[in-house]
């Protein structure tokens, strides 16, 4: 079975972690992120040829947003052009994907993980501790279609949470957070296995996610579970006018 490619996963990101509004403008997708973070605020090319960067900058200024671009695989011309205009390279990430069946365990420990929608207080507390704000939680509510929150325990204590949604036959996990005192204790694996079981029950063939390249522990976990790197993206940001 051929795995989804990077271009398809970019579409899944947009569907399962949606911006407040997006406008196609002069060759760009201009996003109104409403305080939901870089992924939903960054401008992206809406055509194969390089569009006028100055027009995108003006559009972001009208939204009172920072000048921020997402650079995806194959967009080297954009990347070079932004660097020449003084934009800094930040936050490179890897897109992972695998057949969902690969992650579904034979048995899930009783009372150690749950699929819950809407988020309960313990989940919100864990997200807050990990720097995920209320605007980002609001993104989850905007997702149309199949979605759920995930909660995992360490013994009897809520220790980790995440969000997962499905676009077509691809599930994508977002906002994976484990409390610092419970990291490296298998909580992340519990979240992944619960996500896979939930996704299977809702018809997903594939599981995917995005994680920062510098997060070595997360990358090691996903690779150890059989997930494969399918693509990348990074941001270019300009701090000065």
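The values are calculated or read from the model by the stated rules, or taken from the named source; none is laboratory data. Fair warning: this is a prediction, and the values are worked out from it, not measured in the lab. Virtual Cβ from ideal backbone geometry, glycine too; neighbours counted across all protein chains shown.
Scanning region 13-25 turns up one or more residues that are modelled with pLDDT of 95 or more, part of a helix (DSSP H, G or I) and touching a strand residue (DSSP E or B) at 6+ places or on another chain (Cβ under 6 Å).
The set of residues in region 176-187 that are assigned to a helix (DSSP H, G or I) and out of contact with any strand residue (DSSP E or B) (no Cβ under 7 Å at 6 or more places or on another chain) comprises 180, 181. Filtering 190, 197 for residues that are under 15 Å from residue 114 (Cβ atoms), in the same structural domain as residue 101 (by TED's automatic domain parsing), in a helix (DSSP H, G or I) and touching a strand residue (DSSP E or B) at 6+ places or on another chain (Cβ under 7 Å) leaves a single hit, 190. Scanning region 99-157 for residues that are touching a helix residue (DSSP H, G or I) at 6+ places or on another chain (Cβ under 6 Å) and exposed (fewer than 14 other Cβ atoms within 10 Å of the Cβ) yields a count of 1.
Yes or no, residue by residue, for (1) at positive phi; (2) in the same structural domain as residue 223 (by TED's automatic domain parsing); (3) in contact with a helix residue (DSSP H, G or I) (Cβ under 9 Å, 6 or more places away or on another chain):
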{"position": "10", "(1), (2), (3)": "no, no, no"}
{"position": "13", "(1), (2), (3)": "no, no, yes"}
{"position": "20", "(1), (2), (3)": "no, no, yes"}
{"position": "34", "(1), (2), (3)": "yes, no, yes"}
{"position": "39", "(1), (2), (3)": "no, no, yes"}
{"position": "44", "(1), (2), (3)": "no, no, yes"}
{"position": "52", "(1), (2), (3)": "no, no, no"}
{"position": "75", "(1), (2), (3)": "no, no, no"}
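Every condition in (1) crowded, with 19+ Cβ neighbours inside 10 Å; (2) within 15 Å of the chain's Cα centre (by Cα) is met by residue 37 except one, and the failing one is (1). With respect to the conditions (1) over 19 Å from residue 209 (Cα atoms); (2) at pLDDT below 95, residue 145 lacks only one, and its number is (1). Would you check if residue 70 is outside any helix (DSSP H, G or I), in contact (Cβ under 8 Å) with a residue 24 or more places away in the chain and not assigned by TED's automatic domain parsing to the domain that holds residue 215? So residue 70 passes the test. When 216, 147, 197 are checked against the criterion of being on the phi < 0 side of the Ramachandran plot and over 18 Å from the mean Cα position of the chain (by Cα), 197 stands alone in meeting it. The set of residues in region 200-211 being within 20 Å of the chain's Cα centre (by Cα) and assigned to a helix (DSSP H, G or I) consists of 200 alone. Remark: residue 145 falls outside the filter, which requires a residue to be outside any strand (DSSP E or B), assigned by TED's automatic domain parsing to the domain that holds residue 36 and touching a strand residue (DSSP E or B) at 6+ places or on another chain (Cβ under 8 Å).
Residues of region 158-175 that are surrounded by fewer than 20 Cβ atoms within 10 Å (Cβ to Cβ), assigned to a strand (DSSP E or B) and out of contact with any helix residue (DSSP H, G or I) (no Cβ under 6 Å at 6 or more places or on another chain): none at all.
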